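Novice: Quick one: the structure is below, questions incoming.
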Amino acid sequence: MSELFKVVLSHDAPAAYWGKADVSFEQQTATIHLKSAMPLRQIQMAARKLRNQGLSAVVLAGNGWDVDRQWSFYQGFVTAKGGFQVEWSGDAAQINELKQRAISASFVRQLTNDTPENLYPVKLASDTAAWLGSLAPEKVSYRIISGDELLQQQWIGIHAVGRGSTRSPALLELDYNPFDTDAPVSVALVGKGITFDSGGYSIKSSEGMLGMKADMGGAATVAGALGLAIQRGLKQRVKLYLCCAENLVSGNAYKLGDILTYKNGTTVEVVNTDAEGRLVLADGLQAASESGARFIIDAATLTGAAVMAVSSQYNAIFSPQPAVLALTQQKAAEVAENVWPLPLDPWHQDACPSAYADTANSRAVKGGGPGGASNAAGFLWRFVTPQADWLHIDLAAAFEDNASAMWAAGATTHGMLTIAQLLDSE
(Lines give C-alpha, C1' and ligand atoms only; values in the text may rest on other atoms or scores of the structure.)
Protein backbone atom coordinates (compact mmCIF):
# COMPACT_ATOMS: atom_id res chain seq x y z
CA MET A 1 0.00 0.00 0.00
CA SER A 2 1.09 3.57 -0.64
CA GLU A 3 1.42 6.20 2.12
CA LEU A 4 -1.90 7.04 3.73
CA PHE A 5 -3.49 10.19 2.31
CA LYS A 6 -5.57 12.27 4.72
CA VAL A 7 -9.18 13.03 3.85
CA VAL A 8 -10.98 15.68 5.88
CA LEU A 9 -14.43 17.30 5.81
CA SER A 10 -15.15 21.02 5.75
CA HIS A 11 -18.22 23.23 5.51
CA ASP A 12 -16.06 26.07 4.17
CA ALA A 13 -15.77 26.88 0.49
CA PRO A 14 -12.48 25.94 -1.20
CA ALA A 15 -9.85 28.57 -1.97
CA ALA A 16 -10.77 30.74 -4.95
CA TYR A 17 -8.23 29.07 -7.24
CA TRP A 18 -10.12 25.77 -6.84
CA GLY A 19 -13.24 27.34 -8.31
CA LYS A 20 -16.43 25.42 -7.48
CA ALA A 21 -14.64 22.12 -6.84
CA ASP A 22 -16.09 19.74 -4.26
CA VAL A 23 -12.61 18.48 -3.37
CA SER A 24 -9.41 20.46 -2.89
CA PHE A 25 -5.86 19.31 -2.16
CA GLU A 26 -3.10 20.61 0.07
CA GLN A 27 0.05 18.51 0.24
CA GLN A 28 -1.01 15.06 1.56
CA THR A 29 -4.56 16.12 2.43
CA ALA A 30 -7.79 16.11 0.44
CA THR A 31 -10.65 18.25 1.72
CA ILE A 32 -14.25 17.43 0.83
CA HIS A 33 -16.20 20.70 0.91
CA LEU A 34 -19.73 19.89 2.07
CA LYS A 35 -22.15 22.19 0.31
CA SER A 36 -25.03 19.87 -0.46
CA ALA A 37 -28.31 19.08 1.24
CA MET A 38 -27.31 15.44 0.68
CA PRO A 39 -23.87 15.16 2.32
CA LEU A 40 -23.71 11.35 2.21
CA ARG A 41 -24.22 11.33 -1.55
CA GLN A 42 -21.63 14.10 -1.98
CA ILE A 43 -19.10 12.22 0.18
CA GLN A 44 -19.59 9.01 -1.79
CA MET A 45 -19.14 10.85 -5.09
CA ALA A 46 -16.00 12.55 -3.75
CA ALA A 47 -14.60 9.17 -2.76
CA ARG A 48 -15.15 7.93 -6.32
CA LYS A 49 -13.26 10.95 -7.65
CA LEU A 50 -10.34 10.36 -5.30
CA ARG A 51 -10.17 6.68 -6.24
CA ASN A 52 -10.31 7.52 -9.94
CA GLN A 53 -7.41 9.92 -9.45
CA GLY A 54 -5.24 7.05 -8.27
CA LEU A 55 -5.50 7.19 -4.48
CA SER A 56 -5.57 3.74 -2.91
CA ALA A 57 -4.82 4.31 0.80
CA VAL A 58 -6.51 6.98 2.90
CA VAL A 59 -7.15 7.90 6.51
CA LEU A 60 -10.38 9.69 7.40
CA ALA A 61 -9.15 12.47 9.67
CA GLY A 62 -10.51 15.51 11.47
CA ASN A 63 -14.05 16.19 12.66
CA GLY A 64 -17.45 15.27 11.24
CA TRP A 65 -16.83 11.64 10.31
CA ASP A 66 -19.79 9.85 11.85
CA VAL A 67 -20.45 6.20 10.95
CA ASP A 68 -22.79 6.99 8.05
CA ARG A 69 -20.34 9.43 6.47
CA GLN A 70 -17.41 7.05 6.78
CA TRP A 71 -19.46 4.21 5.30
CA SER A 72 -20.56 6.40 2.40
CA PHE A 73 -16.92 7.21 1.69
CA TYR A 74 -15.99 3.53 1.85
CA GLN A 75 -18.78 2.60 -0.55
CA GLY A 76 -17.51 5.13 -3.07
CA PHE A 77 -13.84 4.20 -2.60
CA VAL A 78 -14.10 0.42 -2.93
CA THR A 79 -13.62 -1.31 -6.30
CA ALA A 80 -14.03 -4.87 -7.49
CA LYS A 81 -10.28 -5.15 -8.05
CA GLY A 82 -9.47 -4.44 -4.41
CA GLY A 83 -6.05 -3.04 -3.56
CA PHE A 84 -7.35 -0.25 -1.34
CA GLN A 85 -7.16 0.78 2.31
CA VAL A 86 -9.43 3.00 4.40
CA GLU A 87 -8.39 3.82 7.98
CA TRP A 88 -11.40 4.66 10.13
CA SER A 89 -11.77 7.37 12.76
CA GLY A 90 -13.95 7.74 15.86
CA ASP A 91 -14.30 5.90 19.13
CA ALA A 92 -13.78 2.18 19.60
CA ALA A 93 -17.47 1.33 19.10
CA GLN A 94 -17.69 3.26 15.83
CA ILE A 95 -14.49 1.73 14.47
CA ASN A 96 -15.61 -1.75 15.46
CA GLU A 97 -18.97 -1.28 13.70
CA LEU A 98 -17.24 -0.08 10.53
CA LYS A 99 -14.77 -2.96 10.56
CA GLN A 100 -17.63 -5.47 10.96
CA ARG A 101 -19.52 -3.86 8.09
CA ALA A 102 -16.42 -4.02 5.91
CA ILE A 103 -15.87 -7.72 6.66
CA SER A 104 -19.44 -8.58 5.68
CA ALA A 105 -19.46 -6.28 2.66
CA SER A 106 -16.19 -7.81 1.43
CA PHE A 107 -17.77 -11.26 1.60
CA VAL A 108 -20.84 -10.08 -0.33
CA ARG A 109 -18.68 -8.42 -2.99
CA GLN A 110 -16.35 -11.40 -3.29
CA LEU A 111 -19.28 -13.73 -4.00
CA THR A 112 -21.21 -11.38 -6.26
CA ASN A 113 -18.25 -10.24 -8.34
CA ASP A 114 -16.84 -13.76 -8.77
CA THR A 115 -16.99 -15.42 -12.16
CA PRO A 116 -19.77 -17.91 -12.91
CA GLU A 117 -17.10 -20.49 -13.72
CA ASN A 118 -15.66 -20.21 -10.21
CA LEU A 119 -18.90 -19.79 -8.28
CA TYR A 120 -21.34 -22.59 -9.03
CA PRO A 121 -24.41 -23.55 -6.95
CA VAL A 122 -22.89 -26.02 -4.48
CA LYS A 123 -19.86 -23.77 -4.01
CA LEU A 124 -22.08 -20.77 -3.26
CA ALA A 125 -23.81 -22.85 -0.59
CA SER A 126 -20.63 -24.32 0.89
CA ASP A 127 -18.64 -21.06 0.87
CA THR A 128 -21.49 -19.28 2.64
CA ALA A 129 -21.79 -22.02 5.26
CA ALA A 130 -18.03 -22.00 5.85
CA TRP A 131 -17.89 -18.21 6.31
CA LEU A 132 -20.86 -18.00 8.66
CA GLY A 133 -19.55 -21.02 10.55
CA SER A 134 -16.21 -19.28 11.03
CA LEU A 135 -17.98 -16.36 12.73
CA ALA A 136 -19.81 -18.56 15.26
CA PRO A 137 -18.48 -22.15 15.11
CA GLU A 138 -20.53 -23.47 18.02
CA LYS A 139 -23.77 -21.76 16.98
CA VAL A 140 -24.01 -22.60 13.29
CA SER A 141 -25.11 -25.89 11.75
CA TYR A 142 -26.16 -26.58 8.18
CA ARG A 143 -26.90 -29.06 5.45
CA ILE A 144 -26.75 -28.79 1.67
CA ILE A 145 -29.38 -30.63 -0.38
CA SER A 146 -28.28 -31.01 -3.99
CA GLY A 147 -29.04 -32.77 -7.25
CA ASP A 148 -31.78 -35.39 -7.29
CA GLU A 149 -32.02 -35.25 -3.49
CA LEU A 150 -33.92 -32.00 -4.09
CA LEU A 151 -36.64 -34.02 -5.80
CA GLN A 152 -36.76 -36.47 -2.91
CA GLN A 153 -37.29 -33.53 -0.55
CA GLN A 154 -39.88 -32.03 -2.96
CA TRP A 155 -37.88 -28.87 -3.70
CA ILE A 156 -39.22 -28.84 -7.23
CA GLY A 157 -38.41 -25.30 -8.33
CA ILE A 158 -34.69 -25.33 -7.55
CA HIS A 159 -34.28 -28.70 -9.23
CA ALA A 160 -36.20 -27.66 -12.37
CA VAL A 161 -34.28 -24.44 -12.89
CA GLY A 162 -30.90 -26.05 -12.25
CA ARG A 163 -31.28 -29.36 -14.02
CA GLY A 164 -30.08 -27.97 -17.36
CA SER A 165 -26.56 -27.55 -15.95
CA THR A 166 -23.99 -30.26 -15.37
CA ARG A 167 -23.33 -28.61 -12.00
CA SER A 168 -25.98 -29.59 -9.48
CA PRO A 169 -28.51 -27.14 -8.05
CA ALA A 170 -28.56 -26.90 -4.27
CA LEU A 171 -30.52 -25.66 -1.28
CA LEU A 172 -28.51 -24.47 1.73
CA GLU A 173 -30.35 -24.79 5.04
CA LEU A 174 -28.34 -23.05 7.75
CA ASP A 175 -29.31 -22.65 11.40
CA TYR A 176 -27.83 -19.97 13.67
CA ASN A 177 -28.88 -20.80 17.22
CA PRO A 178 -27.18 -18.88 20.05
CA PHE A 179 -29.09 -20.83 22.69
CA ASP A 180 -28.41 -24.17 24.37
CA THR A 181 -32.01 -25.25 23.74
CA ASP A 182 -34.17 -25.85 20.69
CA ALA A 183 -35.40 -22.25 20.74
CA PRO A 184 -38.12 -21.02 18.36
CA VAL A 185 -36.93 -19.45 15.11
CA SER A 186 -37.33 -15.68 15.14
CA VAL A 187 -36.41 -14.89 11.53
CA ALA A 188 -35.96 -16.93 8.36
CA LEU A 189 -33.89 -15.45 5.55
CA VAL A 190 -34.31 -16.61 1.95
CA GLY A 191 -31.94 -15.65 -0.87
CA LYS A 192 -32.02 -16.13 -4.63
CA GLY A 193 -28.76 -17.82 -5.60
CA ILE A 194 -28.74 -18.08 -9.41
CA THR A 195 -25.00 -18.24 -10.03
CA PHE A 196 -25.53 -17.60 -13.74
CA ASP A 197 -28.70 -16.79 -15.62
CA SER A 198 -28.69 -17.33 -19.37
CA GLY A 199 -32.47 -16.97 -19.39
CA GLY A 200 -32.80 -20.62 -20.34
CA TYR A 201 -34.82 -21.18 -23.51
CA SER A 202 -36.18 -17.64 -23.06
CA ILE A 203 -32.58 -16.70 -23.69
CA LYS A 204 -31.18 -13.27 -22.88
CA SER A 205 -29.20 -11.09 -25.28
CA SER A 206 -25.43 -10.96 -24.80
CA GLU A 207 -25.75 -7.48 -23.30
CA GLY A 208 -28.48 -8.65 -20.92
CA MET A 209 -26.53 -11.77 -19.95
CA LEU A 210 -23.19 -10.12 -19.20
CA GLY A 211 -24.00 -9.15 -15.62
CA MET A 212 -25.85 -12.34 -14.77
CA LYS A 213 -23.04 -13.68 -12.63
CA ALA A 214 -24.60 -11.30 -10.09
CA ASP A 215 -28.00 -12.99 -10.14
CA MET A 216 -27.06 -14.61 -6.83
CA GLY A 217 -26.92 -11.15 -5.24
CA GLY A 218 -29.90 -11.94 -3.03
CA ALA A 219 -28.16 -14.97 -1.53
CA ALA A 220 -25.01 -12.95 -0.92
CA THR A 221 -26.96 -10.06 0.61
CA VAL A 222 -28.92 -12.10 3.16
CA ALA A 223 -25.77 -14.09 4.06
CA GLY A 224 -23.79 -10.87 4.53
CA ALA A 225 -26.56 -9.40 6.67
CA LEU A 226 -26.63 -12.48 8.89
CA GLY A 227 -22.84 -12.39 9.15
CA LEU A 228 -22.94 -8.75 10.25
CA ALA A 229 -25.65 -9.45 12.81
CA ILE A 230 -23.64 -12.39 14.18
CA GLN A 231 -20.56 -10.18 14.56
CA ARG A 232 -22.72 -7.71 16.46
CA GLY A 233 -23.75 -10.47 18.89
CA LEU A 234 -27.13 -11.55 17.49
CA LYS A 235 -29.31 -13.06 20.26
CA GLN A 236 -32.07 -14.50 18.10
CA ARG A 237 -32.32 -17.85 16.34
CA VAL A 238 -32.21 -17.34 12.57
CA LYS A 239 -32.49 -19.81 9.72
CA LEU A 240 -31.00 -19.11 6.30
CA TYR A 241 -32.14 -20.70 3.04
CA LEU A 242 -30.16 -20.13 -0.16
CA CYS A 243 -31.79 -21.35 -3.38
CA CYS A 244 -28.86 -22.04 -5.69
CA ALA A 245 -28.89 -23.03 -9.37
CA GLU A 246 -27.47 -22.25 -12.81
CA ASN A 247 -30.15 -21.43 -15.40
CA LEU A 248 -28.69 -22.85 -18.60
CA VAL A 249 -29.84 -24.27 -21.93
CA SER A 250 -29.35 -27.98 -22.61
CA GLY A 251 -31.26 -31.08 -23.61
CA ASN A 252 -32.16 -31.53 -19.95
CA ALA A 253 -33.25 -27.96 -19.27
CA TYR A 254 -36.77 -27.10 -18.24
CA LYS A 255 -38.99 -25.76 -21.00
CA LEU A 256 -41.82 -23.37 -21.70
CA GLY A 257 -45.09 -25.19 -21.16
CA ASP A 258 -43.77 -27.38 -18.36
CA ILE A 259 -45.94 -27.56 -15.24
CA LEU A 260 -44.30 -27.76 -11.81
CA THR A 261 -46.20 -29.14 -8.83
CA TYR A 262 -44.80 -27.66 -5.63
CA LYS A 263 -44.64 -29.16 -2.18
CA ASN A 264 -47.68 -27.16 -1.03
CA GLY A 265 -49.69 -28.48 -3.99
CA THR A 266 -49.55 -25.29 -6.08
CA THR A 267 -49.16 -25.98 -9.80
CA VAL A 268 -47.17 -23.53 -11.92
CA GLU A 269 -47.03 -23.32 -15.71
CA VAL A 270 -43.66 -22.14 -17.05
CA VAL A 271 -44.32 -19.42 -19.62
CA ASN A 272 -40.89 -17.80 -19.33
CA THR A 273 -37.73 -19.66 -18.32
CA ASP A 274 -36.11 -16.28 -17.61
CA ALA A 275 -38.54 -15.79 -14.73
CA GLU A 276 -36.63 -18.46 -12.83
CA GLY A 277 -35.87 -16.57 -9.63
CA ARG A 278 -39.41 -16.80 -8.33
CA LEU A 279 -39.44 -20.53 -9.09
CA VAL A 280 -36.47 -21.21 -6.81
CA LEU A 281 -37.60 -18.75 -4.14
CA ALA A 282 -40.92 -20.59 -3.92
CA ASP A 283 -39.03 -23.55 -2.46
CA GLY A 284 -37.08 -21.37 -0.05
CA LEU A 285 -40.20 -19.60 1.16
CA GLN A 286 -41.92 -22.92 1.82
CA ALA A 287 -38.89 -24.14 3.78
CA ALA A 288 -38.85 -20.88 5.72
CA SER A 289 -42.57 -21.29 6.46
CA GLU A 290 -41.95 -24.82 7.74
CA SER A 291 -39.35 -23.45 10.19
CA GLY A 292 -42.07 -21.68 12.17
CA ALA A 293 -40.29 -18.34 11.92
CA ARG A 294 -42.48 -15.41 12.89
CA PHE A 295 -40.75 -13.14 10.34
CA ILE A 296 -39.66 -14.22 6.85
CA ILE A 297 -37.41 -11.99 4.72
CA ASP A 298 -36.46 -12.84 1.17
CA ALA A 299 -34.09 -10.89 -1.07
CA ALA A 300 -33.51 -11.31 -4.78
CA THR A 301 -32.29 -9.57 -7.90
CA LEU A 302 -35.70 -10.50 -9.21
CA THR A 303 -37.11 -8.12 -11.81
CA GLY A 304 -36.04 -5.45 -14.24
CA ALA A 305 -39.44 -3.92 -13.51
CA ALA A 306 -38.23 -2.94 -10.02
CA VAL A 307 -35.25 -1.13 -11.52
CA MET A 308 -37.56 0.72 -13.89
CA ALA A 309 -39.82 1.69 -10.99
CA VAL A 310 -37.29 2.82 -8.36
CA SER A 311 -33.97 3.05 -10.29
CA SER A 312 -30.72 1.44 -9.17
CA GLN A 313 -30.47 3.82 -6.19
CA TYR A 314 -33.30 2.14 -4.27
CA ASN A 315 -34.40 -1.37 -3.38
CA ALA A 316 -38.09 -2.10 -3.85
CA ILE A 317 -39.90 -3.61 -0.86
CA PHE A 318 -43.19 -5.51 -0.66
CA SER A 319 -45.29 -6.86 2.19
CA PRO A 320 -48.96 -7.54 2.87
CA GLN A 321 -48.39 -6.08 6.36
CA PRO A 322 -48.11 -2.23 6.45
CA ALA A 323 -46.24 -2.42 9.77
CA VAL A 324 -43.49 -4.49 8.11
CA LEU A 325 -43.06 -1.87 5.40
CA ALA A 326 -42.91 0.91 7.98
CA LEU A 327 -40.35 -0.99 10.08
CA THR A 328 -38.21 -1.67 7.01
CA GLN A 329 -38.25 1.99 5.99
CA GLN A 330 -37.26 2.95 9.54
CA LYS A 331 -34.39 0.47 9.69
CA ALA A 332 -33.13 1.43 6.23
CA ALA A 333 -33.10 5.10 7.25
CA GLU A 334 -31.06 4.24 10.35
CA VAL A 335 -28.22 3.00 8.13
CA ALA A 336 -28.71 5.47 5.25
CA GLU A 337 -29.92 2.89 2.72
CA ASN A 338 -32.78 3.55 0.31
CA VAL A 339 -35.96 1.45 0.10
CA TRP A 340 -39.32 2.21 -1.48
CA PRO A 341 -42.56 0.23 -1.12
CA LEU A 342 -44.39 -0.91 -4.25
CA PRO A 343 -47.98 -2.20 -4.41
CA LEU A 344 -48.89 -5.68 -3.24
CA ASP A 345 -52.58 -6.59 -3.03
CA PRO A 346 -54.24 -10.01 -2.82
CA TRP A 347 -55.22 -9.85 -6.50
CA HIS A 348 -51.52 -9.73 -7.45
CA GLN A 349 -51.44 -13.45 -6.62
CA ASP A 350 -53.66 -14.02 -9.67
CA ALA A 351 -51.93 -11.56 -12.00
CA CYS A 352 -50.21 -14.34 -13.99
CA PRO A 353 -53.10 -16.65 -14.98
CA SER A 354 -52.71 -20.03 -16.65
CA ALA A 355 -55.21 -22.18 -18.56
CA TYR A 356 -53.39 -25.31 -17.39
CA ALA A 357 -52.22 -24.65 -13.81
CA ASP A 358 -53.03 -22.64 -10.69
CA THR A 359 -50.77 -19.87 -11.95
CA ALA A 360 -48.07 -19.14 -14.50
CA ASN A 361 -44.64 -17.96 -13.45
CA SER A 362 -45.04 -14.74 -15.44
CA ARG A 363 -46.99 -13.28 -18.31
CA ALA A 364 -46.04 -14.32 -21.80
CA VAL A 365 -45.09 -10.78 -22.83
CA LYS A 366 -41.79 -8.90 -22.76
CA GLY A 367 -40.72 -8.04 -19.24
CA GLY A 368 -43.73 -9.75 -17.74
CA GLY A 369 -46.04 -6.87 -18.66
CA PRO A 370 -47.16 -3.88 -16.56
CA GLY A 371 -46.60 -4.15 -12.83
CA GLY A 372 -44.06 -6.93 -13.25
CA ALA A 373 -42.38 -6.45 -9.87
CA SER A 374 -45.70 -6.55 -8.00
CA ASN A 375 -46.85 -9.55 -10.03
CA ALA A 376 -43.66 -11.40 -9.08
CA ALA A 377 -44.23 -10.55 -5.42
CA GLY A 378 -47.80 -11.79 -5.73
CA PHE A 379 -46.52 -15.09 -7.12
CA LEU A 380 -44.16 -15.49 -4.14
CA TRP A 381 -46.95 -14.70 -1.69
CA ARG A 382 -48.60 -18.01 -2.61
CA PHE A 383 -45.73 -19.84 -0.88
CA VAL A 384 -45.59 -17.90 2.40
CA THR A 385 -47.44 -19.10 5.49
CA PRO A 386 -50.11 -16.61 6.63
CA GLN A 387 -48.90 -17.10 10.21
CA ALA A 388 -45.68 -15.13 9.55
CA ASP A 389 -44.90 -11.52 8.78
CA TRP A 390 -43.23 -11.37 5.38
CA LEU A 391 -40.91 -8.93 3.61
CA HIS A 392 -39.87 -9.31 -0.02
CA ILE A 393 -36.93 -7.17 -1.21
CA ASP A 394 -36.37 -6.79 -4.95
CA LEU A 395 -32.72 -5.74 -5.02
CA ALA A 396 -32.72 -3.13 -7.76
CA ALA A 397 -29.65 -1.48 -6.19
CA ALA A 398 -27.48 -4.56 -5.60
CA PHE A 399 -25.23 -4.36 -8.67
CA GLU A 400 -23.86 -1.76 -11.07
CA ASP A 401 -23.11 -2.98 -14.59
CA ASN A 402 -20.87 0.05 -15.19
CA ALA A 403 -19.02 2.50 -12.99
CA SER A 404 -20.94 5.67 -12.14
CA ALA A 405 -20.36 8.86 -10.21
CA MET A 406 -21.26 7.01 -7.00
CA TRP A 407 -20.27 3.38 -7.52
CA ALA A 408 -17.52 1.32 -9.06
CA ALA A 409 -18.76 -1.42 -11.36
CA GLY A 410 -19.91 -4.54 -9.54
CA ALA A 411 -21.68 -5.38 -6.30
CA THR A 412 -22.82 -2.50 -4.10
CA THR A 413 -24.00 -4.48 -1.01
CA HIS A 414 -26.98 -2.07 -0.85
CA GLY A 415 -29.59 -3.83 1.28
CA MET A 416 -27.20 -5.74 3.53
CA LEU A 417 -27.31 -3.13 6.31
CA THR A 418 -31.10 -2.85 6.20
CA ILE A 419 -31.56 -6.60 6.69
CA ALA A 420 -28.95 -6.67 9.46
CA GLN A 421 -30.85 -3.88 11.25
CA LEU A 422 -34.07 -5.87 10.94
CA LEU A 423 -32.32 -8.87 12.51
CA ASP A 424 -31.01 -6.74 15.35
CA SER A 425 -34.51 -5.36 15.98
CA GLU A 426 -36.06 -8.80 16.54
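The values are calculated or read from the model by the stated rules, or taken from the named source; none is laboratory data. Since the model is a prediction, treat every value here as computed from it, not as a measurement. We place every Cβ from the backbone using ideal geometry, glycine too, and count neighbours over all the protein chains shown. Please note that ligands, DNA and RNA were not included when accessible areas were found on the heavy atoms of the full protein model with its side chains. Shrake-Rupley method; radii C 1.70, N 1.55, O 1.52, S 1.80 Å.
Novice: Tell me the strands (runs of 3 or more DSSP E) entirely within segment 242-314 that contain at least 2 residues that are among the hydroxyl-bearing types (Ser, Thr, Tyr), open to solvent by 30 Å² or more (accessible area, probe 1.4 Å) and within 23 Å of Val384 (Cα to Cα).
Specialist: On the way: elements: 259-261, 267-269, 295-300.
Of the strands (runs of 3 or more DSSP E) lying wholly inside segment 242-314, none has at least 2 residues that are among the hydroxyl-bearing types (Ser, Thr, Tyr), open to solvent by 30 Å² or more (accessible area, probe 1.4 Å) and within 23 Å of Val384 (Cα to Cα).
Novice: Still on this structure: Take the residues of segment 98-137 that are farther than 17 Å from Gly217 by Cβ and among the β-branched types (Val, Ile, Thr): which is most open to solvent (accessible area, probe 1.4 Å)?
Specialist: Here the residue is Ile103.
Novice: Still on this structure, I have one more. What pairs come up if the first residue lies in segment 14-38 and is at negative phi, the second is part of a strand (DSSP E or B) and open to solvent by 40 Å² or more (accessible area, probe 1.4 Å), and their beta carbons are under 8 Å apart, counting only those six or more places apart or on different chains?
Specialist: Final answer for the pair search is Gln28/Lys6; Thr29/Lys6; Ala30/Lys6; Thr31/Phe25.
Novice: Here are some conditions: (1) modelled with pLDDT of 95 or more; (2) open to solvent by less than 50 Å² (accessible area, probe 1.4 Å); (3) of a type outside the set (S, T, N, Q); (4) farther than 25 Å from Glu337 by Cα. Pro39 meets all but one. Which one does it not meet?
Specialist: Against the list (1) modelled with pLDDT of 95 or more; (2) open to solvent by less than 50 Å² (accessible area, probe 1.4 Å); (3) of a type outside the set (S, T, N, Q); (4) farther than 25 Å from Glu337 by Cα, Pro39 comes up short only on (4).
Novice: Further question: Which residues, taken from segment 363-417, are on the phi > 0 side of the Ramachandran plot and of a type in the set (Gly, Ala, Ser)?
Specialist: Listed by number, the residues that qualify are Gly367, Gly368, Gly369, Gly371, Gly410, Gly415.
Novice: Criterion first (touching a residue at least 60 places away in the same chain (Cβ under 8 Å) and out of contact with any helix residue (DSSP H, G or I) (no Cβ under 8 Å at 6 or more places or on another chain)) does Gln85 satisfy it?
Specialist: Yes.
Novice: Is it true that some residue in segment 355-363 is part of a helix (DSSP H, G or I), out of contact with any Cys (no Cβ under 6 Å at 6 or more places or on another chain) and open to solvent by less than 10 Å² (accessible area, probe 1.4 Å)?
Specialist: no
Novice: For segment 216-233, give me each residue that is open to solvent by less than 10 Å² (accessible area, probe 1.4 Å) and outside any helix (DSSP H, G or I).
Specialist: Met216
Novice: Starting from segment 90-102, keep only residues that are without any contact (Cβ under 8 Å) to a residue 24 or more places away in the chain, then list their pairs with residues that are in a helix (DSSP H, G or I) and loosely packed, with under 14 Cβ neighbours inside 10 Å whose Cβ atoms are within a distance under 6 Å, requiring at least 6 positions of separation or different chains.
Specialist: Correct list of pairs: empty, since none qualify.
Novice: Of the conditions (1) part of a helix (DSSP H, G or I); (2) touching a strand residue (DSSP E or B) at 6+ places or on another chain (Cβ under 7 Å); (3) of a type in the set (Gly, Ala, Ser), Ser165 clears all except one; give me its number.
Specialist: Unmet condition: (1).
Novice: Take Asp258 and decide whether it is out of contact with any His (no Cβ under 7 Å at 6 or more places or on another chain), among the charged types (D, E, K, R) and closer than 19 Å to Asp394 by Cα.
Specialist: no
Novice: Now, a different point. Within segment 179-212, take every residue that is charged (D, E, K, R) and open to solvent by 60 Å² or more (accessible area, probe 1.4 Å) and give me the one that is farthest from the chain's Cα centre (by Cα).
Specialist: That would be Asp180.
Novice: Exactly one condition in (1) more than 18 Å from Val187 (Cα to Cα); (2) surrounded by fewer than 22 Cβ atoms within 10 Å (Cβ to Cβ); (3) among the aliphatic types (A, V, I, L, M) is false for Val324; which is it?
Specialist: For Val324, the failing item is (1).
Novice: Something else now. Looking at Ala360, Ala364, Ala396, Ala326 in this structure, which one is of a type in the set (A, V, I, L, M) and free of Cβ contacts under 8 Å to residues at least 60 places away in the same chain?
Specialist: Ala326
Novice: Of the residues Ser36, Ser24, only one is part of a loop (DSSP other than H, G, I, E, B) and among the small types (Gly, Ala, Ser); which?
Specialist: Ser36
Novice: Run Phe318 past the list (1) in contact with a His (Cβ under 7 Å, 6 or more places away or on another chain); (2) on the phi > 0 side of the Ramachandran plot and report the number of the one that doesn't hold.
Specialist: (2) is the only condition that Phe318 fails.
Novice: For segment 401-426, which positions are of a type outside the set (A, V, I, L, M, F, W, C), farther than 16 Å from Met216 by Cβ and surrounded by fewer than 23 Cβ atoms within 10 Å (Cβ to Cβ)?
Specialist: Asn402, Ser404, Gln421, Asp424, Ser425, Glu426
Novice: Follow-up question, since we're still on this one. So the check is Cβ under 6 Å with 6+ separation or different chains; which pairs have a first residue in segment 148-162 that's farther than 17 Å from Lys255 by Cβ and in contact (Cβ under 8 Å) with a residue 60 or more places away in the chain and a second one that's open to solvent by 40 Å² or more (accessible area, probe 1.4 Å) and of a type outside the set (Asp, Glu)?
Specialist: Pairs found: Gln154/Lys263.
Novice: So, Leu344, is that one under 30 Å from Lys255 (Cβ atoms), open to solvent by less than 30 Å² (accessible area, probe 1.4 Å), part of a loop (DSSP other than H, G, I, E, B) and in contact (Cβ under 8 Å) with a residue 12 or more places away in the chain or not?
Specialist: yes
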